[in-house]
Amino acid sequence: MPLPPPPPDSGNPPRTPPLPPPAAGGDGSRPPTLPSPPDARSDTENLVCFRHPNRPTGRRCTRCGKPACADCLHQVSVGSHCSDCVKAAKPDIKTRAQYWQASKPAIVTYALIAINISVFVGLALWYDLAGTFAGEVTDGVRRFALNAQFIAGEPFRYPLTDGSLATTDGTDYYRLVTSGFLHFGILHLAFNMYFLYILGNMLEPQLGRSKYLLLYFASLLGGSAGVVLVDQNAFTAGASGAVFGLLGAAAVGIWQQGINPFKTQIGTLLLINLGLTFFIGGISIGGHVGGLVAGSICGFVMMAPGYKKIPEWSRYATPVVVGIASVMISVMAAG
């Protein structure tokens, strides 16, 4: 039996009946209606800057919410912060110092270069400007350079440029160190500081500042010991002994990595400087060789690769022992 056809569509959607009004309360009152959202302008039209009460503003710090004028707000990655929030977000002085030091991997090298240059300029201004830059033996050299007589333990007098005599008791052991910061002329200073800059930027980040400084002074004292052993009767000065020690430590470190150092720039630099040391007059053979030997001994331990499992304390102790031994050799050789 066929179904009856559907009723004709009037074309108008069905209308939903309206909702009944809310019921009245017990006292016959209507329930309270929700407040309308506040106008955004009403929140900012009466704001003034927290630091400048006479300046109206329509902006707030996106961190703490305080109203602030344009001069007191600072643009950041997200939003704007007031001066107080910017100050509070900065790290303390200790942290900033750590960040600064971390950005300067060769700060000890730069300090050593600055000390050498300052000593050179200071002695030039104090004693003899023209003579110091020309590389002459000035009174500053006589008072601070290394000569075996000054650590031989016997008092004596030595002449100064003005004709007067200075007296020493023969125990000027400080010359073992001070001689390493003196230079004969501007070229002597420039060459040593250039090599110190190159080697320091290579070794200091690898060793760390403390160990690098110990290596430097152990090499310097080793160079002084070589001077006393070989060049006893001449005034000797310069950072060459320390620089040769850094060069020796770098060469030993490369060798311990399984690389032939003489096939690298370090080995080439070492051979060239040794050739100049032995075949050009006026260069301290003892100072260069002594620094090279001391630095190489230190480098054998300090630059050892990690797989050799050398105790960390020995990397500090080795340059200390080498430095003490160098001083003892100098005193005994001079005496």
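A short reminder: the numbers here are calculations on the coordinates, not readings from a lab. Note that the structure is predicted; figures quoted are calculated from it, not measured. We place every Cβ from the backbone using ideal geometry, glycine too, and count neighbours over all the protein chains shown.
The relative contact order of the stretch 112-200 comes to 33 percent, based on Cα pairs under 8 Å that sit 6 or more residues apart. Computed from label points 7 Å out along Cα-Cβ, the spacing between Ser314 and Tyr158 is 4.0 nm. Within straight-line reach of Lys87, meaning a Cα separation under 17 Å, sit the following lysines at least 8 residues removed in sequence or on another chain: Lys66.
Note on Ile285 and Ala166: the extension gain reaches 40.0 nm, defined as 0.36 nm multiplied by sequence separation minus the Cα-Cα distance. Working note: Karplus 6.51/-1.76/1.60 with θ = phi - 60° gives the stretch 244-251 the couplings 5, x, 4, 5, x, 5, 5, 5 Hz, where Gly and Pro are set to x.
Could you calculate the FRET efficiency of Thr268 with Gln206 from 1/(1 + (r/R0)^6), where r is the beta carbon distance between them and R0 is 25 Å, rounded to 0.05? Please report the intermediate quantities before stating the final value.
On the way: r = 20 Å, r/R0 = 0.80.
Efficiency for this residue pair is about 0.80.
How high is the relative contact order of the stretch 198-310, in percent, with contacts defined as C-alpha pairs under 8 Å that are six or more residues apart?
Details: 170 pairs, mean separation 45.5, N = 113.
Computed over the stretch 198-310, the figure is 40 percent.
Multiplying the sequence separation of Arg51 and Gln256 by 0.36 nm and subtracting their Cα-Cα distance, what value in nm do you get?
67.4 nm
Full extension of the segment from Leu276 to Ile93, taken as 0.36 nm per residue of separation minus the current Cα-Cα distance, would add 61.1 nm.
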